[in-house]
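The values are calculated or read from the model by the stated rules, or taken from the named source; none is laboratory data. What you see is a predicted model; the values in this text were computed from it and never measured. With ideal geometry, Cβ positions are generated from the backbone for all residues, glycine too; neighbour counts draw on all protein chains shown. Protein only, heavy atoms only, side chains kept; ligands, DNA and RNA dropped before computing areas. Shrake-Rupley method; radii C 1.70, N 1.55, O 1.52, S 1.80 Å.
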Amino acid sequence: MSRTSGGRTATGPGPSTDPFDNLPELAALRTAAQARDWAGTQAFFAGLDSADKVSFASGLLADMAGVEHYLEQAAAARPGDPLPRTLLAERYIRIGWEIRSSLRAEHVSREQFDQFHAWLRKAEQLLIEVCAEQPGYAPAWTARLITARGLQLGQSEARRRYDRLSARHPHHYRAQSLLLQQLCPKWGGSWEAAHGFARECASAAPDGSDAGVLVADAHIEHWLDLDSGEDTAYMRGLPVRDDLRHAAEVSVLHPGHRPGWEWIGAHSTFAMAFSLGGHREDAARHFAALGDRATEYPWAYLPDWRNQFAKFRKAALATL
């Protein structure tokens with residue numbers, strides 16, 4: 001699975017995973033996008049007070065089918081504005097990734113790869129233009145971390161792009177989570193690099209930030225790569241448990257934590273990581289915070305994940 005946004009709409013029993021329902025402050029973006037209203041879309045983004053929020057909202061808009069049509073019109077009408085081109089590039093990336101699917105490379109056809117790369121190249125061209133005109137524009141550099149991975153430009157190029165962004169936005173959560181994916185072995189990295197980067201981000205960030213969840217992300221990705229039996233033993237290990245506990249305490253469980261738009265994804269990730277290790281009491285604090293909300297990532301790594309979520313939640317909350 002490619003982690004490119006904070007969650008997608010899902011149907012069926014289980015927790016709500018629709019970010020627009022879970023975060024009511026995003027309602028204006030959905031209304032504008034559904035109406036194909038560029039002025040409303042622009043007004044929504046103009047009201048955001050951080051690069052993290054702009055990037056988060058860009059990923060959500062990219063998930064909405066058909067928005068590329070009004071974004072293309074906006075980009076053509078406002079050639080000097082970086083926002084419509086960046087939003088359009090994010091949408092092109094999502095179209096391409098949906099064609100590719102979330103399967104491992106050996107299960108993706110040549111035709112799928114050709115179409116996937118074609119959409120990513122369209123996005124990359126828009127983003128290159130934006131970054132040339134405005135070198136400090138974080139949303140474009142963030143999106144270029146996805147195109148770097150999809151176009152297989154390599155570890156060095158992905159890190160160069162991240163470094164350009166982090167020089168001005170040192171704790172940009174979405175950019176960090178995207179680079180973490182690149183650093184995993186499935187994209188040409190290593191577990192040493194992935195875990196090292198996650199811990200580096202968590203230790204460098206202010207206490208109470210979301211960066212600690214990257215530690216849990218790395219462990220879940222590592223778990224996913226292990227054979228059956230080894231994966232459970234890995235998550236049950238005390239070093240992993242203690243790593244997760246420390247990461248949670250300095251991030252979402254820290255007294256200074258102020259939930260932003262990533263908080264549901266952060267608690268979802270910790271809840272799953274602790275649950276996979278059988279650490280029900282640790283998981284309980286995160287399930288309690290979530291209530292009946294969640295994000296599909298990383299739960300969708302599990303088969304029949306909604307039922308498994310319910311079972312893990314019931315077992316964890318029974319310890320309270």
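A simple packing score, the average count of other Cβ atoms within 10 Å per residue, orders the peptides 52-58, 35-41 as 52-58, 35-41, with the highest score first.
Between E192 and E111, the modelled label-to-label distance comes to 4.3 nm, taking each label 7 Å out from Cα in the direction of the beta carbon.
Between D304, D217, D225, the Gaussian network model of the chain with springs among Cα atoms under 10 angstrom shows the greatest mean-square fluctuation at D304. What number comes out for the charge environment of D114, summing +1 per Lys or Arg and -1 per Asp or Glu over other residues with Cβ under 15 Å away? Local net charge: +2. If only the Cβ of Lys and Arg carry +1 and only the Cβ of Asp and Glu carry -1, the dipole of segment 176-235 around its Cα centre is close to 160 debye. Among A89, A140, A289, whose mean-square fluctuation peaks in a Gaussian network model of the chain (Cα, cutoff 10 Å)? Looking only at A89, A140, A289, the largest GNM fluctuation is found for A289. Along segment 24-39 the Karplus relation, 6.51 cos²θ - 1.76 cosθ + 1.60 evaluated at θ = phi - 60°, assigns HN-Hα couplings of x, 5, 8, 4, 5, 5, 4, 4, 5, 5, 5, 7, 6, 9, 5, 4 Hz to successive residues, with x for each Gly and Pro.
Bridging of K122 to aspartates and glutamates at a Cα separation below 13 Å is possible for E68, E72, E90, D114, once same-chain residues fewer than 8 apart are set aside. Normalised per residue, the accessible area of segment 114-241 is 40 Å², obtained with a 1.4 Å probe and no contribution from ligands, DNA or RNA. In a reduced charge model with +1 at each Lys and Arg Cβ and -1 at each Asp and Glu Cβ, the chain shows a dipole moment near 180 debye about its Cα centre. Where does the charge balance sit around G212 when Lys and Arg score +1, Asp and Glu -1, over other residues with C-beta under 11 Å from its C-beta? Surrounding charge for G212 is -3. Positive-end ranking of C131, T41, G66 along the dipole of segment 24-135, with charges on Cβ about the Cα centre, is headed by G66. Which of the GluC sites (Glu not before Pro) across segment 228-320 are loop residues per DSSP, with 10 or fewer other Cβ within 10 Å? When the GluC sites (Glu not before Pro) of segment 228-320 are filtered for loop state and at most 10 Cβ neighbours within 10 Å, nothing remains. Expressed as a whole percent, the accessible area of segment 10-147 that falls on carbon and sulfur atoms is 54 (1.4 Å probe). Helix 155-166 and the longest principal axis of the Cα set of the chain meet at an angle near 80°. Under a model in which nothing but the beta-carbon of Lys, Arg (+1) and Asp, Glu (-1) is charged, segment 161-320 shows a dipole of about 460 debye around its Cα centre. For Y297, the solvent-accessible surface with a 1.4 Å probe is about 20 Å², rounded to the nearest 10. Segment 224-257 and segment 80-134 have their alpha-carbon centroids 33 Å apart. Our helix-only sum for the chain, with -39,500 (n - 2.57) per DSSP H run of n ≥ 4 divided by its residues, gives a mean residue ellipticity at 222 nm of -20000 deg cm²/dmol.
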